[in-house]
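Down below is the structure, laid out as structure tokens.
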Amino acid sequence: FNGYTVGLTLGFVPQGVLAFSTDSLLVYGNFSFEPSILFSDNGGQSWKLVYHQPFNPSAGTNPGIIDLKISGDGVTGVAVQHEGIIRTSDRGQHWSAVLSAPGHKFEKTSWPAGSFCYASGGPDIYKSTDGGLHWTDISFHPDSGNEDFKNIFFTNTNTGYCSEAVTSAIYRTTDG
């Protein structure tokens, strides 16, 4: 497990997969509700644990790493978990926390172009203009902060869409 102590009670539960090529893969999810990312350099024949965070009982039931995106350069990436955002700058071999937000519940990311990326979940929408190093809260609150933004997708750095679960609304922006 690459030096990490993981909870093996429930095994690994994948949330998604990202393929760099037919050989190099990242799979993200959780080991017993502990956010985790695995890497394979042989088409999934064997795996190495490259990110793991111990269980946080105050986070509630945590599906682990929920979404992961790699930029167009194929090197830099961001991933979201309920309580924060992590980042890699070496094709997913090493990860570090760039935004810690206890009590939040990030769910999705979007990386439309260049160094612009976005993350959403709960009442929060965040934007980064430097490849995920720093994040700015760009949330808007049409429902007085009771929003539950689920999915986010930007077609370019300015035009994006976000779904909101409480009112079943879809929001659009044309100015980032």
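The values are calculated or read from the model by the stated rules, or taken from the named source; none is laboratory data. The shown structure was predicted, so the numbers you read here are calculated from the model rather than taken from an experiment. Note that we place each Cβ from the backbone using ideal geometry, even for glycine, and neighbour counts take in every protein chain shown. We work out accessible area using only protein heavy atoms, side chains counted, and drop any ligands, DNA or RNA first. Shrake-Rupley method; radii C 1.70, N 1.55, O 1.52, S 1.80 Å.
What accessible area per residue comes out for the stretch 94-176, rounded to a whole number of Å², with a 1.4 Å probe? The answer is 50 Å² per residue.
Of all lysines in the structure, the ones whose alpha carbon falls short of 25 Å from that of residue 150, not counting any fewer than 8 places away in one chain, are 69, 105, 108, 127. Under the simplified labelling scheme, the residue 19-residue 144 pair shows an inter-label distance of 4.9 nm, with each label point 7 Å from Cα along Cα→Cβ. Tell me the carbon and sulfur percent of the accessible area for the chain, rounded to whole percent, probe radius 1.4 Å. That fraction is 52 percent. The GNM of the chain, with springs linking C-alpha atoms under 10 angstrom apart, assigns the highest mean-square fluctuation among 52, 141, 94 to 141.
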